[in-house]
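The values are calculated or read from the model by the stated rules, or taken from the named source; none is laboratory data. Only a predicted model underlies this, so the values are computations on that prediction, with no experimental measurement involved. Neighbour counts run over all protein chains shown; Cβ positions are idealised from the backbone, glycine included.
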């Protein structure tokens, strides 16, 4: 279930202005473009606990997206400015990130979730559990933010 209460998790947000080239023939943001907006927030989130894509690879892991869920609540339109927020829900065995896309008034436009699984960067084999570097970085960031570590 996609949760939109982000009060007890590490979060990051980015502002997005919907450009013309993201529109479909109906004049609203094409559904596939939302994944790019989510990716921007996810990258910012991971960088916030020092686990960017470069750092992932250096730790010997890749994290492909294994599952996504998206609920399009309202359509995004040309030049609309929205806030995309990412929230880390799980990190010990896999990465589960919930998202919400809202306007400045807090009106919800989209909610989503991605699940990423750890894969050995050399063999591309699925592994069990997250690297210790990731777990340590997340716990440190949670403690610094005064959030629960479990």
Test residue 67 against the stated conditions and say whether it is outside any helix (DSSP H, G or I), modelled with pLDDT of 95 or more and in contact with a strand residue (DSSP E or B) (Cβ under 6 Å, 6 or more places away or on another chain). yes
Are any residues in the stretch 28-53 surrounded by fewer than 16 Cβ atoms within 10 Å (Cβ to Cβ), touching a strand residue (DSSP E or B) at 6+ places or on another chain (Cβ under 7 Å) and within 20 Å of residue 144 (Cβ to Cβ), and if so, which ones? none
Restricting to the stretch 56-84, what's the tally of residues that are in contact (Cβ under 8 Å) with a residue 60 or more places away in the chain, under 27 Å from residue 149 (Cα atoms) and surrounded by fewer than 19 Cβ atoms within 10 Å (Cβ to Cβ)? 6
Considering residues of the stretch 41-64 that are assigned to a helix (DSSP H, G or I) and out of contact with any helix residue (DSSP H, G or I) (no Cβ under 9 Å at 6 or more places or on another chain) only, the residue modelled with the lowest pLDDT: 57
Heads up, the strands (runs of 3 or more DSSP E) in the stretch 81-137 (entirely inside) with at least 2 residues that are more than 25 Å from residue 22 (Cα to Cα) and at pLDDT 95 or above are 81-90, 95-102
